[in-house]
Amino acid sequence: MRIEKSGKMFVLSSPSGAGKTTLTKKLAQENKNFTISISHTTRKPRPNEINGKDYYFVNQEEFDGLVKKNEFFEYANIFNNCYGTLKKPVIQLLEKGKDVLFDIDWQGTKQLKEIKNLSIFTFFILPPDLKILKERLLNRHAGNENMVKERMNKFHEEVSHWNEYDFILVNDDLEVCYNDILEIIKNIKIGKKPRQDLNIVKKKVSELSK
Ligand code: 5GP
């Protein structure tokens with residue numbers, strides 16, 4: 001990869017329902033230089049999802065074939081489905097100077113951070129409180145109480161990874177959170193790495209862990 005011209009990688013992770021997918025899509029829609037990395041998954045498409053836009057939906061055999069051929073930058077098993085990011089399309093975008101956005105979990109983020117020579121910055125998004133999180137999940141998985149329960153149970157395990165990230169934000173108000181992320185990215189692009197008050201984050205994490 002030609003590093004001098006290379007774009008940057010920005011990862012957004014969060015517990016399910018904290019809003020990172022909406023934030024990632026908004027960043028890509030409103031900023032021409034961003035492209036979202038489209039993952040492969042063995043999960044079945046949801047009614048509003050489009051193959052090749054939201055994900056590349058593949059079967060287990062196809063996914064395992066890509067793993068065997070070492071085509072993935074990272075991959076993980078989440079809620080009994082496999083998810084992975086292909087190396088080739090990401091490298092092509094970075095080489096063109098494009099910034100790439102990733103909506104992936106903490107396992108994938110950890111794997112990406114271990115790869116040398118990548119310019120990668122990571123964001124962890126927290127929900128404002130557990131009540132709002134449950135409401136968002138109930139909205140998304142209407143009628144599927146089990147899925148809501150499963151995601152609420154997984155919440156604490158996912159939140160425990162917050163300190164593996166560069167920046168931690170609370171998605172209380174979508175516009176505010178979006179502008180905060182954009183401001184951080186703009187600073188990174190001009191070579192500044194903003195500092196964050198970790199005491200506020202620790203307080204929020206401890207509130208959410210009760
Ligand atoms: P969902 O099935 O709700 O679209 O996504 C479930 C979780 O998988 C989310 O936390 C999402 O960020 C994560 N995810 C999506 N694509 C990838 C990927 O390529 N790699 C990893 N590690 N996680 C992913």
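Side notes on the structure shown:
- Other-chain or far-sequence residues with amide H under 5 Å of I168's (modelled H): F124
- Region 1-85, dipole about Cα centre (Lys/Arg Cβ +1, Asp/Glu Cβ -1), debye to the nearest 20: 320
- As a fraction of the 1.4 Å probe accessible area of the chain, surface on carbon and sulfur atoms comes out at 49 percent.
- When each of the peptides 165-171, 46-52, 28-34, 89-95 is scored by how many other beta carbons lie within 10 Å of its residues on average, the order from highest to lowest is 165-171, 89-95, 28-34, 46-52.
- Rolling a 1.4 Å probe over the heavy atoms of the protein chains gives region 66-155 an accessible area of 54 Å² per residue.
- The label point for I120 and the one for Q92, both projected 7 Å from the Cα toward the Cβ, are 2.1 nm apart.
- FRET efficiency, N199 to E49 (Cβ-Cβ, R0 35 Å, nearest 0.05): 0.35
- Fully extended contour minus Cα-Cα distance, from T22 to N187, at 0.36 nm per residue: 57.2 nm
- For the set H156, H161, the ranking by accessible area, highest first and with no ligand, DNA or RNA atoms included, is H156, H161 under a 1.4 Å probe.
- Axial C-alpha extent at least 20 Å, average Kyte-Doolittle at least -0.5 - helices from the chain (DSSP): 174-189
- Cα-based Rg / Dmax (Å) for the chain: 16.9, 50
- 3J(HN,Hα) from dihedral phi, region 41-58, Karplus parametrisation 6.51/-1.76/1.60, rounded to Hz, x for glycine, proline: 8, 8, 5, 6, x, 7, x, 8, 8, 10, 5, x, 10, 7, 8, 9, 8, 10
- Counting only protein heavy atoms and using a 1.4 Å probe, the accessible area of R136 comes to about 70 Å².
- For the chain, calculated [θ]222 nm from helices alone, where every DSSP H run of n ≥ 4 adds -39500 (n - 2.57): -13000 deg cm²/dmol
The values are calculated or read from the model by the stated rules, or taken from the named source; none is laboratory data. Quick caveat: nothing in here was measured; it's all calculated off a predicted structure. Note that we place each Cβ from the backbone using ideal geometry, even for glycine, and neighbour counts take in every protein chain shown. Note: areas computed on protein heavy atoms with side chains; ligands, DNA, RNA excluded. Shrake-Rupley method; radii C 1.70, N 1.55, O 1.52, S 1.80 Å.
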